[in-house]
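Chemist: Have a look at this one.
The values are calculated or read from the model by the stated rules, or taken from the named source; none is laboratory data. Just so it is clear, the structure is predicted and the values come from calculations on it, not from any experiment. Quick reminder, even Gly has a Cβ in these numbers, built from the backbone with ideal geometry, and neighbours come from all protein chains shown. These area figures cover heavy atoms from the full protein model, side chains too; ligands, DNA and RNA do not enter into them. Shrake-Rupley method; radii C 1.70, N 1.55, O 1.52, S 1.80 Å.
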Amino acid sequence: MTPVAGPSRIHLFDTTLRDGAQTTGVDFSLDDKRAVAGLLDRLGIDYVEGGYPGANPLDTAFFAEKPTKKAKFAAFGMTKRAGRSAANDPGIAALLEAKADAIVFVAKSWDYHVHVALEISLEENLVGIRESVEAAKAAGREVMLDCEHFFDGYKANPDYALTCARTAYEAGARWVVLCDTNGGTLPDEVGAIVREVAKVVPGDHLGIHAHDDCGCAVANSLAAIEAGARQIQGTLNGLGERCGNANLVTLIGALKLKERYRGRFVLGLDDAQLADLAHVSRALDEMLNRAPNRHAPFVGASAFATKAGIHASAVLKDPRTYEHVAPEAVGNTRKVLISDQGGKSNLVAELERIGVTLGRDDPRLNRVLQEVKDKEAQGYAFEGADASFFLLVKRILGEVPDYFAVERFKVNVERRYNALGELVTFSEAIVKVKVGDELLISAAEGDSGPVNALDIALRKDLGRYQSLIGGLRLVDYKVRIFQGGTDAVTRVLIESGDETGERWTTVGVSANIIDASFQALVDSITYKLVKAGATA
């Protein structure tokens with residue numbers, strides 16, 4: 001009786017700390033690298049590529065000790081230089097000195113690059129591949145070869161590209177990774193080429209490294225898996241040079257949750273780790289001070305958000321009507337958005353989410369719905385400003401105390417030379433606030449502009465409420481132009497946070513950007529006081 005084959009193991013290889021570090025505007029510190037490695041380790045990633053020891057002091061320091069407990073720690077570097085032996089190559093020496101479980105060599109597999117970039121013979125390139133792999137394997141390391149520009153090389157000279165892959169495998173490489181370095185290959189091409197390579201190198205020794213220059217990195221990675229490859233390389237949130245690498249977050253969601261894959265393949269992470277996927281994705285963005293992609297598959301804030309009223313009504317009856325997977329499986333949440341396109345179903349669902357129960361026949365429900373639509377016609381957007389929506393509803397219900405009233409504010413912006421002769425821009429704000437019967441006037445200077453000065457002045461002294469807002473801080477600030485022309489209306493979204501780790505977003509709208517910002521600031525403080533249970 002022929003045994004039934006079980007599901008195949010897919011190995012996940014993360015290169016956030018090496019290829020992802022090439023993203024424009026991304027710079028990892030040593031502490032950042034250790035923190036990211038820890039996130040990946042806990043998520044259940046099989047390999048964490050830490051960088052290029054010997055290429056720069058930071059990466060060399062990172063490889064002084066292994067930062068992962070379960071994941072294999074991988075070091076990246078070039079094959080030996082032509083004209084010298086592997087034993088006398090300083091690059092290979094640095095790799096062997098690194099505290100790494102695996103060594104990843106990168107080598108040209110496109111004959112054009114061998115001639116033009118390396119300026120060596122095709123045979124010399126093969127010697128470099130073979131001797132480098134043999135040296136690392138002899139040192140007891142797991143060895144991989146990244147075949148750079150493999151797909152372009154295969155299309156130009158399939159025999160040579162295949163010879164590069166075969167040479168690495170026969171020399172003892174555990175993985176031969178096919179790289180779509182320029183990101184221009186399409187999924188059907190990837191599938192066809194990987195199937196041909198699998199005739200030379202067994203599929204359970206083949207990996208895929210895809211770039212996203214055609215928006216196909218995830219699709220190309222899945223096509224390679226379908227064709228027999230069993231390792232996927234990528235980065236968290238698709239970081240990487242130019243258009244980025246294959247997004248491992250998206251690939252994990254698809255491989256773990258889509259019926260086509262979950263019965264055929266096994267990953268190194270369980271359901272509990274999968275439920276941490278959204279947290280890991282957002283933690284990386286927070287570390288890099290980047291706004292998370294709201295529309296990212298599986299983990300984005302809008303990935304399970306419903307705006308249209310008829311859609312919301314269906315989702316409330318059965319989420320499967322407009323959701324391809326359960327949001328909680330990846331640590332995300334369902335949201336029914338409040339907007340001028342929504343109806344009572346959206347509103348009821350959102351009110352329940354914020355802890356307000358109103359029957360569909362309650363007249364206040366119509367008041368809230370009409371107020372939302374009126375406000376959005378003026379330029380407000382509550383789908384991205386939960387805290388302002390919360391306050392709008394609570395005000396209609398008469399449940400927001402009059403904590404303070406802003407009688408007036410003034411902002412001055414001055415550009416001048418300082419005592420060192422440097423040209424600087426200086427902002428100063430004055431805010432007059434009435435708290436009960438007490439008038440309070442605060443002034444503040446802002447190094448980061450007029451909104452910063454207003455924020456500091458407003459929070460400088462709120463009398464008896466001051467202790468409740470001590471941990472409040474402005475986290476993010478976004479400006480949108482709602483309508484153009486000479487009568488342009490500005491929408492400001494402010495994200496705030498506090499000492500508990502909670503975050504909330506408020507919105508302000510005005511033809512004046514400072515006024516719109518101030519509205520959002522006042523809402524932010526008011527929300528904090530309401531949630532703290534303050535009374536007037």
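Chemist: Relative contact order for the chain: what percent, with Cα pairs under 8 Å and sequence separation of 6 or more?
Modeler: 9 percent
Chemist: Let me check against my output: what whole-number percent is the relative contact order of region 185-286, with C-alpha pairs under 8 Å and at least 6 apart? It would help to have the intermediate numbers written out before the result.
Modeler: On the way: 134 pairs, mean separation 22.9, N = 102.
Reported relative contact order: 22 percent.
Chemist: Give me the tail of P(r) for region 69-129 as a percent: Cα-Cα pairs with distance above 18 Å. List each step's numbers first, then the result.
Modeler: Working: 740 of 1830 pairs.
In whole percent, the share of Cα-Cα pairs in region 69-129 beyond 18 Å is 40.
Chemist: May I ask for the equivalent-ellipsoid semi-axes of region 357-452, computed as the square root of five times each C-alpha gyration tensor eigenvalue and listed largest first in whole Å?
Modeler: Details: eigenvalues 316, 70, 17 Å².
Whole-Å semi-axes of the equivalent ellipsoid: 40, 19, 9.
Chemist: With every protein chain kept in place and ligands, DNA and RNA left out, what is the accessible area per residue of region 212-262? Probe 1.4 Å, answer in Å².
Modeler: Roughly 29 Å² per residue, with all protein chains present.
Chemist: Right, something else. Cross-link partners among aspartates and glutamates for Lys80, C-alpha distance below 18 Å, same-chain residues fewer than 8 apart left out?
Modeler: Hits, sequence-local ones excluded: Asp89, Glu97, Asp111, Glu119, Glu123, Glu124, Glu131, Glu134, Glu142, Asp146, Glu148, Glu170.
Chemist: Restricting to Cα pairs below 8 Å that are 6+ residues apart, what does the relative contact order work out to for region 1-56? Please round to a whole percent.
Modeler: Taking the mean separation of contacting Cα pairs over the length of region 1-56, I get 49 percent.
Chemist: Would you work out the charge dipole size for the chain about its Cα centre, treating the Cβ of every Lys and Arg as +1 and the Cβ of every Asp and Glu as -1, and quote it to the nearest 20 debye? Could the numbers behind the result be given before it?
Modeler: On the way: 62 positive and 73 negative charges, 215 e Å.
I would put it at about 1040 debye.
Chemist: Looking at region 125-173, I'd like the Rg to Rh ratio, where Rg is from alpha-carbon atoms and Rh is Kirkwood's inverse mean 1/r. If you can, show how the numbers build up before the last one.
Modeler: Numbers: Rg = 11.1 Å, Rh = 11.0 Å.
Taking Rg over the Kirkwood Rh, I get 1.01.
Chemist: As a test of the definition: which semi-axes, in Å, follow for the chain when you take the square root of five times each eigenvalue of its alpha carbon gyration tensor? Largest first, please.
Modeler: Values: eigenvalues 556, 170, 76 Å².
Working through the eigenvalues yields semi-axes of 53, 29, 20 Å.
Chemist: Give the whole-number value, in cubic angstrom per residue, of the convex hull volume spanned by the C-alpha atoms of region 51-159. Numbers along the way, then the final one.
Modeler: Numbers: hull volume 11.6 nm³, N = 109.
Dividing the Cα hull volume of region 51-159 by its residue count gives 107 Å³.
Chemist: Same structure, new question: Could you tell me how many degrees, from 0 to 90 and to the nearest 10, lie between the Cα long axis of helix 158-170 and the main elongation axis, the longest principal axis, of the Cα atoms of the chain?
Modeler: 80 degrees
Chemist: Over the Cα atoms of region 130-263, each weighted equally, I'd like the Debye log10 I(q)/I(0) at q = 0.10 Å⁻¹, rounded to two decimals.
Modeler: Result of the Debye calculation: -0.30.
Chemist: Ignoring any ligand, DNA or RNA, what whole percent of the accessible area of the chain comes from carbon and sulfur when the probe is 1.4 angstrom?
Modeler: With neighbouring chains kept in place, the figure for the chain is 49 percent.
Chemist: Given H placed 1.01 Å from N in the peptide plane, which residues other than close sequence neighbours of Val266 have an amide H under 5 Å from its amide H?
Modeler: Ser8, Arg9, Ile10
Chemist: Also, I was wondering about something else. Work out how far the C-alpha atoms of region 183-256 reach from end to end along every principal axis, then list the three figures in whole Å, largest first.
Modeler: Principal-axis extents of region 183-256 (Cα, largest first): 32, 26, 16 Å.
Chemist: Let me ask something additional. Quick one: dipole size for region 486-536, taken about the Cα centre, charges +1 on Lys/Arg Cβ and -1 on Asp/Glu Cβ, in debye to the nearest 20. Intermediate values should be presented prior to the final figure.
Modeler: On the way: 4 positive and 7 negative charges, 18 e Å.
Dipole size: approximately 80 debye.
Chemist: In degrees from 0 to 90, rounded to the nearest 10, what is the angle of the helix 30-43 Cα long axis to the longest principal axis of the chain?
Modeler: Value to nearest ten degrees: 80.
Chemist: A further question on this structure: Specify the angular offset, from 0 to 90 degrees and rounded to the nearest 10, of the alpha carbon long axis of helix 363-378 from the longest principal axis of the alpha carbons in the chain.
Modeler: Rounded to the nearest ten degrees, it is 70.
Chemist: May I pose another question? Give the span of region 18-57's Cα atoms along each principal axis, as three whole-Å numbers ordered largest to smallest.
Modeler: Principal-axis extents of region 18-57 (Cα, largest first): 27, 23, 17 Å.
Chemist: Related question: Quickly estimate the mean residue ellipticity at 222 nm for the chain, helices only: each DSSP H run with n ≥ 4 gives -39500 (n - 2.57), and the total goes over all residues, rounded to 500.
Modeler: -10500 deg cm²/dmol
Chemist: Also: What is the Cα coordinate range of region 368-522 on the first, second and third principal axes, sorted by size from largest, in whole angstrom?
Modeler: 56, 43, 31
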